[in-house]
1. Taking a cut-off of 14 Å between Cα atoms, list the aspartates and glutamates near B:LYS229, but don't count ones fewer than 8 places away on the same chain.
2. For the stretch A:470-475, what does the Karplus curve 6.51 cos²θ - 1.76 cosθ + 1.60, with θ = phi - 60°, yield as ³J(HN,Hα) per residue in whole Hz, taken in order and with x for Gly and Pro?
3. In what sequence do B:ASP76, A:ASP28, A:ASP191 fall when counting other Cβ within 10 Å, fewest first?
4. Provide Rg and Dmax in Å for chain B, with only Cα atoms included in the calculation.
5. Which semi-axis lengths, in whole Å and largest first, follow from the square roots of five times the eigenvalues of the Cα gyration tensor of the stretch A:2-129?
6. Ranking B:ARG224, B:ARG41 by Cβ neighbours within 10 Å, fewest first, what do you get?
7. Could you go through the stretch B:367-372 in sequence order and give the Karplus-derived ³J(HN,Hα) for each residue, using 6.51 cos²θ - 1.76 cosθ + 1.60 with θ = phi - 60°, rounded to whole Hz, and x for Gly and Pro?
8. Below 8 Å between Cα atoms, with a sequence gap of 6+, how large is the relative contact order for the stretch B:106-218 in percent?
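Here, each number is a calculation from the coordinates, and none is a lab measurement. Model, not experiment: these values are computed from the prediction. Using ideal geometry, Cβ is built from the backbone for each residue, glycine included, and neighbour counts are taken over all protein chains shown.
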Number of protein chains: 2
Amino acid sequence: MEEKFKTLSDKLKEIKNISSAVALLHWDQQVNMPPGGSQARAEQIATLETMAHELFVADEMGVLLDDLAGTDFAYDSDEASLVRVVRRDYDRERKLPAALVEEMSRTFALGHQIWVRARAEKDFARFQDILVKIVDLSIQKAEAYGYEDAIYDALLDEYEPGMKSVEVNRVFDALKVELVPLVRAISEQVDGVDDSCLHQNFDEQAQWDFGLEVLKTVGYDLARGRQDKSAHPFTTSFSINDVRVTTRIFQDWLSPGLFATMHEGGHALYEQNIAPALEGLPIADGTSLGVHESQSRLWENVLGRSRAFWQFYYPRLQTYFPAQLNEVGLETFYRAINKVTPSFIRVEADEVTYNLHIFLRFELEQALLEQRLNVSDLPEAWNAKMEEYLGLTPPDDALGVLQDVHWSGGAIGYFPTYTLGTILSLQFYHQALQEMPDLPEQFQRGEFANLLGWFREKIHRHGRKFTANELIERITGAKQVEVGPYLAYIKQKFGEIYQL
Amino acid sequence: MEEKFKTLSDKLKEIKNISSAVALLHWDQQVNMPPGGSQARAEQIATLETMAHELFVADEMGVLLDDLAGTDFAYDSDEASLVRVVRRDYDRERKLPAALVEEMSRTFALGHQIWVRARAEKDFARFQDILVKIVDLSIQKAEAYGYEDAIYDALLDEYEPGMKSVEVNRVFDALKVELVPLVRAISEQVDGVDDSCLHQNFDEQAQWDFGLEVLKTVGYDLARGRQDKSAHPFTTSFSINDVRVTTRIFQDWLSPGLFATMHEGGHALYEQNIAPALEGLPIADGTSLGVHESQSRLWENVLGRSRAFWQFYYPRLQTYFPAQLNEVGLETFYRAINKVTPSFIRVEADEVTYNLHIFLRFELEQALLEQRLNVSDLPEAWNAKMEEYLGLTPPDDALGVLQDVHWSGGAIGYFPTYTLGTILSLQFYHQALQEMPDLPEQFQRGEFANLLGWFREKIHRHGRKFTANELIERITGAKQVEVGPYLAYIKQKFGEIYQL
């Protein structure tokens, strides 16, 4: 049995080596690749993804998993967890025909390149044809996976295993009831917060250096990672010991670079703190995108936009930008980075309006997959929903339907995980606070090791061993995603800032 | 038959996609990878190389090649050339056991990481154990390939197909007779050239910008390439449309960055100008390292250290470094970049002493492979040969036996191609000059398109379709590497500079 387990591990590690090469091909595409490389890159990714898929879905793998299913490893053991999680992946991936995998891979890689140009030219028409193909392939993929209630569930399951759209709707509805009136109430006193201190001339290199200082001091290990620039910030890993983040920096606006760095840093802390014993195995990864996002949102918002965090870091930030910030008090800065304003771009949205951007995308994705909406009508539908949720009409498609990278790479069903993660960040943090009530005082002193250690112990080290719901129950006792802590946090924080 | 040809092409393209991913894994390792990533990277490279090897040596490939051997495509056609070249590769690679390929791959990738640290610490002892393993694996590889006269030939053939060490000896002996006395004669009047103008404070960014300007104006297409920094400059390609170079820059010395950029640019021009019809096939590559080096040496030395070239570029260079160079005349600069001084580091050596560094390495490699020399005695043997050829004893191993990356990555048998390429650069250029006698006048005007066009037509576009000897004969009518043009060039150029 031990020998069979080694055979399984070796095979899985080989496949993971291929997937890691694919991850590097993607990282390079977004960080370094000259434009001429796009066609060949799409072919390279397609070949490797197809190969990884074929090796994984081989009958032999199924036989090994069958043989190992009956072993008496404890549920929590690495061994039992590996077999359990890989079985789920296997049953799922077996449903996809190899030809579909290859076509998706090539189309999604090309889609990314076309999207980059279309966005630069603010021209949805350039992107439309490939998006039609992407949606069509996504529908084929969903049909191949199969589903009970909604076609959306088949794709959502890839990013948030076990989650259904009916459950997303329950959560989102509970949010909408509170957030929509809250945004309205805040909008009525929008003059209450002045964020002009963030819109000055901030040297790009100094922004970069400060961001790296923060990453280092909160615990990101640069001997096992690095930061680069890309059009759309992201985190990727090729090993527990090579976890990379990207950011983007605007010279005339401090927030985007700063919070993208903190956000991706949160993802990277998760990946760097997976138990070394899981290295090279497919369970050395985040368990779901929602749980992953709970970590990025924690560092970006719960800490990164908190008063306690900046009580420590603001004096440091002022040393980087004395001319810009020495006359700006901490309280002014704190209010500025928490200003609530309906805006066009999701990734730059504040904590309150952010989720409205997600509701919009979730609804449009459902309509596309259920074929109630044509791709050609998408820009109009986007703009209509922007008006409905945020009271804004994008002046062009780059500020509207073309803003996000996801669809171009075939990631339909992904967006809800941002809001699920946002809610989870508070559900988890609420528990951490109960166990360590002096956390905010620690942050004021620049001490983050206890918080990081708590998350390492409760979440990071397990990789994919436990599902999101298992983690929620183990950590908080709750059976599912609960919006309570998040809504309490939002109402308390923004109620104070806007004196509601 | 056409269908079989398509089957062959498709299979070969798939394998090339894997090899291109391996090339990216290597590029990233040298350009970007954080130190923590090294172990996983070695595993990733090993998995992919083994997989490419196994797909290539499959029996099925042999059957396809047999079936296609009898077709009546013309010798020069892409089709016949593909079958011919791939047959040679196939017969060769079939001789390597898969286990050896995997072990070499992993060992060589790790060897690189260990070498980086050993060189930084100037400590050969740190590198010794892995080098013993690398030499042992290289011997195993040579034995698997088989050879007639010398074990060295089995490895040399990988880099310079068809070349034998007896032939290398013929060429090297012809050089030694002339070069050793020439270096001695020059050494006696070493005060004749003052290169202090190159040893000033040169802003790194300005060096970088000037290097890129040169690359662009000589014809390197940055939409299909990019330049980065690495410890050891190199060129790699993931497609005809994604050909990348690296360089390294010293703030206190202008030459290394400048000439590394030109050298790698020469390699890159070759790769970027391969015929688009060959894209994705294994013949879309340089035909041998010697021919590749003929292109890099051409741009680095024959042009890059010529008076005509700098008659155009020196005024441009002065605009980048007015404080350092405005008082330095063109003739002083020309003599400075051509100063001959025996020195420790091969890649920084002048045109005359450079080959002595190669003779040394070639002799040590032969001794290691024939087991006449133990790895533990290598530093001493290195230093003895440095004394013999260059009259110098390296003060430490970083300036001695640890200076080059090649052995750490398993590249034994590679060094002679540098000198072969140097000789070829003149053999080819001599012919180009006969056909276009006004080339130097064109260079003075900053016009390089005719020269590049000539090489594109005669060499670049063919990729690997013709062997080095076939190219030599097609281009010059000679049957082999001829040292005449090179020696005439060296004697004329340095005779003038040193008034011999």
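1. Once the sequence-local aspartates and glutamates are set aside, what remains near B:LYS229 is B:ASP28, B:GLU204, B:ASP209, B:GLU264.
2. Here the 3J(HN,Hα) series is 5, 5, 4, 5, 4, 7 Hz.
3. A:ASP191, B:ASP76, A:ASP28
4. 22.4, 68
5. Result for the stretch A:2-129: semi-axes of 37, 14, 13 Å.
6. Sorted ascending by nearby Cβ count, the order is B:ARG224, B:ARG41.
7. Running phi through 6.51 cos²θ - 1.76 cosθ + 1.60 with θ = phi - 60° gives 5, 5, 5, 7, 6, 8 Hz.
8. Relative CO of the stretch B:106-218 lands at 11 percent.
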